[in-house]
Amino acid sequence: MTELALSLELYAGSECGLLRALTLLHRRRCRVLEARYDSPAGAPERLSLVVQAPPRHAHCLEAWLSSLVDVRAVRARPGAEPAQDSATGARGSSETSGSSAGSSPERTIPA
């Protein structure tokens, strides 16, 4: 699984933005590890997430979330660490870094 930290900006007064984002993550078999929701008065609502996503979906999540109706912007946040194998604590053998448009780091754990 690939661990990603994302920050979503939702339209103020959005009734469904949070639900739409979490539903999309659930449908794409992502596991939400951490979620923080801030709704300051008169300002855009913010949703900060740390998720584990299947490697085949990880590079698409930012685009999928940004295409939702009530979402204004999606940004990848620095600080997400690759998931660790619970038995060995070893990190994935294949790590790719870089942040070109349309791609994100993919990290995998050996089976």
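Taken together, the values in this text are just the output of simple stated rules run on the coordinates, not laboratory data. In this text the structure is predicted, and so the values were computed from the model without any measurement. Cβ atoms come from the backbone with ideal geometry, glycine included; neighbour counts cover every protein chain shown.
Multiply the residue gap between Glu15 and Arg72 by 0.36 nm, knock off their C-alpha separation, and tell me the result in nm, one decimal place. Spell out each step's value before the answer.
Numbers: separation 57, 0.36 × 57 = 20.52 nm, distance 1.37 nm.
Using 0.36 nm per residue and subtracting the Cα-Cα distance, I get 19.1 nm.
Rounded, prolate or oblate, given the Cα gyration tensor of the range 2-80, with a/c below 1.5 counting as rounded?
In terms of gyration-tensor shape, prolate.
Can you pull out the trypsin sites (Lys or Arg not before Pro) in the range 1-85 that DSSP calls coil and that have at most 12 other Cβ atoms within 10 Å?
Loop-located and lightly packed - Arg29.
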